[in-house]
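The values are calculated or read from the model by the stated rules, or taken from the named source; none is laboratory data. From a predicted model like this one, the values you see are computed outputs, not experimental measurements. Please note: Cβ atoms are built from the backbone with ideal geometry, for glycine as well, and neighbour counts cover all protein chains shown. Protein only, heavy atoms only, side chains kept; ligands, DNA and RNA dropped before computing areas. Shrake-Rupley method; radii C 1.70, N 1.55, O 1.52, S 1.80 Å.
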Amino acid sequence: MLRVENLTVAYGSVQALSDVTLEVSSRGVLHGIIGPNGAGKSTLMDAITGRRKPTKGRVLVDGEDITARPVEWRRRHKGMSRSFQRTSIFPGLTVREQLELVASQLGEPGLDEIVDAFELRPSLDLPADSIAYGDQRRVDIALAMIGKPSLMLLDEPAAGLSTTETISLFEHLVALVRHRGVTALVVEHDVDAVFRFCDEVSALDLGRLLVTGTPAAVRADPHVITAYLGTAA
Ligand SMILES: Nc1ncnc2c1ncn2[C@@H]1O[C@H](COP(=O)(O)OP(=O)(O)OP(=O)(O)O)[C@@H](O)[C@H]1O
Ligand SMILES: [Mg+2]
């Protein structure tokens, strides 16, 4: 469903992503992306969603080369949505106004399922920037779920959350991915959560793909162990 071939992105002389090839073959799959700081995870998300043009390589969705297509086209025609590493909540709007604004842009008729899935009903009429940070992160993902995306890219949805909040967020995410047949690519620093909840995992380091595989295979991979021990030292 999603295939990335030899994806390379340079920021001036910094090679943020080098020759990354990976595939997410089926729907309803949660695919985790892990890697130390600066590994190129956000750059990979930017290149897949069209926010950043690759210097080399291709992005294919359902076999179609979309490398030259803009962000909006990808969302409209390929059902590709995204949430950012930092919360993208508008100050001043209530949670409901925020959700309805995006829903009206994308022609989503009903928000009930999303509101309930993320337990947002109690905060619907509160200013979105006044609710607890963990709730704001759930609003971020709810915003990315609007418009029935088929492919979601979430950049550190659990950043800043406690372990308990992270687990709860991943449980919501897995339920939604399964229920709606959505494919989700999730960048996450909490590797325990990734290994527990993701169906498959890709590990990056210094812009290169180290390995893609099952959580057990990736956890045991010597390159992954070295990359993590190297940064912890
Ligand atoms: N706009 C930019 N201009 C120049 N260099 C950049 C830019 N964005 C990222 N980089 C560099 O590219 C590399 C990859 O960055 P990226 O943000 O993709 O990593 P990351 O894996 O998401 O890291 P983190 O875990 O800290 O979010 C890093 O060396 C970073 O400093
Ligand atoms: Mg990042």
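Measuring only protein heavy atoms, the 1.4 Å probe finds Arg58 accessible over about 100 Å². Would you look at the GNM of the chain, springs on alpha carbons closer than 10 Å, and say which of Thr55, Thr183, Thr43 moves the most? In this elastic network of the chain, the residue with the biggest mean-square fluctuation among Thr55, Thr183, Thr43 is Thr55.
Here the 3J(HN,Hα) profile of the range 149-155, calculated from phi with Karplus coefficients 6.51, -1.76 and 1.60 at θ = phi - 60°, is x, 9, 9, 10, 10, 10, 9 Hz, Gly and Pro shown as x.
The helix-based estimate of mean residue ellipticity at 222 nm for the chain, built from -39,500 (n - 2.57) per DSSP H run of four or more residues and divided by its residue count, is -11000 deg cm²/dmol to the nearest 500.
Working with all protein chains in place, sort Arg82, Arg52, Arg219 by solvent-accessible area computed with a 1.4 Å probe, largest first. Mind dumping the intermediate values first?
On the way: Arg82 35, Arg52 100, Arg219 130 Å².
Result of the area sort, largest leading: Arg219, Arg52, Arg82.
For the range 140-194 and the range 1-39, write down the distance between their C-alpha centroids in whole Å. Distance between centres, Cα-based: 18 Å. Between 0 and 90 degrees, the angle of helix 95-106 with respect to the longest Cα principal axis of the chain falls at about 70 degrees.
Axis of helix 133-145 versus longest Cα principal axis of the chain: the two differ by about 80°, to the nearest ten degrees. A cut-off of 5 Å between modelled amide H atoms, ignoring neighbours fewer than 5 places along the same chain, links Leu126 with Val95, Arg96. 3J(HN,Hα) along the range 12-22: x, 8, 8, 8, 7, 9, 10, 6, 8, 10, 7 Hz, from the Karplus curve 6.51 cos²θ - 1.76 cosθ + 1.60 with θ = phi - 60°, whole Hz, x for Gly and Pro. The residue among Val187, Leu7, His223 whose Cα reaches farthest toward the positive pole of the charge dipole of the range 2-232, with charges on the beta-carbon of Lys, Arg, Asp and Glu, is Leu7.
Take every Cα pair under 8 Å whose residues are at least 6 apart in sequence, average their separation, divide by the length of the range 1-90, and the relative contact order is 31 percent. Residue by residue, the range 25-39 carries 3J(HN,Hα) couplings of 8, 10, 7, x, 10, 9, 10, x, 10, 10, x, x, 3, x, 5 Hz when phi is fed to the Karplus relation 6.51 cos²θ - 1.76 cosθ + 1.60 (θ = phi - 60°); x denotes Gly or Pro.
Would you please classify the overall shape of the chain from the alpha carbon gyration tensor, given that a ≥ b ≥ c denote the square roots of the eigenvalues, rounded means a/c under 1.5, and beyond that prolate means a/b larger than b/c while oblate covers the rest? It would help to have the intermediate numbers written out before the result.
Values: a/c = 1.74, a/b = 1.36, b/c = 1.28.
Cα axes put the chain in the prolate bin.
Relative contact order of the chain, taken over Cα pairs closer than 8 Å and 6 or more residues apart, is 28 percent. Dipole magnitude for the range 95-143: about 120 debye, using +1 per Lys or Arg Cβ and -1 per Asp or Glu Cβ, origin at the Cα centre.
Accessible-area rank, largest first, for Lys56, Lys78, Lys41: Lys56, Lys78, Lys41, with all protein chains present and a 1.4 angstrom probe. Between Ala175, Ala193, Ala220, the GNM of the chain built on Cα springs shorter than 10 angstrom shows Ala220 fluctuating the most. If you build a Gaussian network model of the chain, linking Cα atoms that sit under 10 Å apart, which residue out of Leu99, Leu60, Leu143 swings the most? Highest fluctuation of the listed residues: Leu60.
Against the main long axis of the alpha-carbon atoms of the chain, helix 222-232 sits at an angle near 70°.
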